[in-house]
1. Answer with one residue from 137, 105, 86: the one whose Cα lies farthest towards the positive end of the charge dipole of the stretch 44-143, charges on Cβ with Lys, Arg +1 and Asp, Glu -1.
2. Of 189, 38, how do they rank once you tally other Cβ atoms within 10 Å and put the fewest first?
3. Given H placed on each backbone N at 1.01 Å, which residues far from residue 234 in sequence or on other chains put an amide H within less than 5 Å of it?
4. On alpha-carbon atoms, Rg over Rh for the stretch 126-236 using Kirkwood Rh?
5. Treating the beta-carbon of each Lys and Arg as +1 and of each Asp and Glu as -1, no other charges, what is the dipole magnitude of the chain about its Cα centre, to the nearest 20 debye?
6. Classify the stretch 1-160 from the C-alpha gyration tensor, please: rounded if a/c falls under 1.5, else prolate or oblate depending on whether a/b exceeds b/c.
7. What is the order of 260, 122, 401, fewest Cβ neighbours within 10 Å to most?
8. Working from the alpha-carbon coordinates of the stretch 231-285, get Rg over Rh, Rh being the Kirkwood radius.
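Just so it is clear, none of the values below were taken in a lab; they were calculated from the coordinates. Everything quoted here is computed from the prediction, not taken from an experiment. Heads up, the Cβs are rebuilt from the backbone with ideal geometry, glycines too, and the neighbour counts pull from every protein chain shown.
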Amino acid sequence: MNYWNPYLETLPGERFDQIELSYFRGMLSFAKENSALYREKLRGIEAEDIRSLDDVKKIPFTEKEEMRKYQEIEPFPYGGLLGSDIEKVTTFRQTSGTTGKPIYVPETYESWQWRIEAWCHILYMAGFRPRHRVFLPFGYNVYVAFWEAHFASEKVGCELVPGGALDTRGRIHKILEIRANGMMNTPTYGLHIAEEAKSMGIDPASLGIERMLCAGEPMPPATRKRLEELYQCHVFDHIGGTEPCAWAGMCEAKDGMHIIEPFFLVEILDRETLQKEVDEGEIGVAVVTPLGRRSFPLIRFNTKDLVIKGKNSCSCGRTSKKIKEVVGRTDDLRKVRGVLFSPKTVEEVIRKEFQEVEEFEIIVERRGLMDVITLRTEPNAQLPVSSIEQTKARLKESLKIATNLSFNVIMEPPGSLPRYTLKAKRFKDLREA
Ligand SMILES: [Zn+2]
């Protein structure tokens, strides 16, 4: 069987629209009745006023900042975001807080199961099956993504091996010891495990991983291909977040990602006006409404994720809408010397053309009236000292072509740059400090 839920995954597109509109109206009434945030925010708006998906666009977005504000009121620690009796909450998770105070996310048992079910779609689409023994090379702490991966793997029927409390070498030994054939990790950590294995004299392809699902960071196509080459396996991507849940994933056609319909209503809006839906092939901001999770109602959450809208058909036969690619975050798009710059472009160049570069970091600063952009890189052990200058010159040239900006390129000794296991923060804009 190719589908996790054959009925839902092959519904005609217009049925998704009808179902999502009806669920949206239900969530709106529920949120107004049960959460302090929406009681105030949606005053004067009734479910009956929402007769079409166009009407949905009249409702204000939910932004992270107001969520932080409403979290401060009673009941502690969820405040006005909570949509259920606090005694029914069974799962505590929180955001990483990289952009400010963390948001605490309550799930009742029912809401948590809803999240897991959505995640099962992502795993099954990526070809994870009961024959897979899946290694999760992390301690999951209070962050949601790998907990969802954990429980969804079990529900799909995989055998899940948690890999917390080990260092990278310990994890490599564990993969070999238990003959894991599946793995879920951030792209950065996938690359790091491969480098570490090589330094132990182990070819990453011999680890036996058949299938890898990546999470946590936007993954440029070149990084996905690089992981596929290193491990000689199939690598899949998905997109989501702590607040909106995981809302789209890659199927085995590896041509963009399917929105998990009708679990989510996803709008991809023009980034200037945030009003109009963009056309296929255009970049827009993803605005997501989870449609079945009641303990933490979220109406039109502005994810600030920039995605390219995809086509609505797929060789896998699923009928849900697709996104073509994740471009990055609106927060990461900056003007440098008047040029719009996305750090993901640099990653794409490095992973595609510079396999001798293991780790990197981008720093933008203002010197006098000038913006200066610096790429700090760390080569891997295979790069001879005599080739360093040549690699630097090639990097400068390729980056100039890709971004239209002149980079100051520095090569640091091995071990100088931070290593990331969860979210990589490779971009620092010091002009804001
Ligand atoms: Zn597909």
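1. Sorting the options by dipole projection puts first 137.
2. So the ranking, lowest neighbour count to highest, is 189, 38.
3. Excluding prolines and chain starts, which carry no amide H, the hits are 211, 212.
4. 0.92
5. Working: 62 positive and 64 negative charges, 104 e Å.
The dipole of the chain has a size of about 500 debye.
6. oblate
7. 401, 260, 122
8. 1.04
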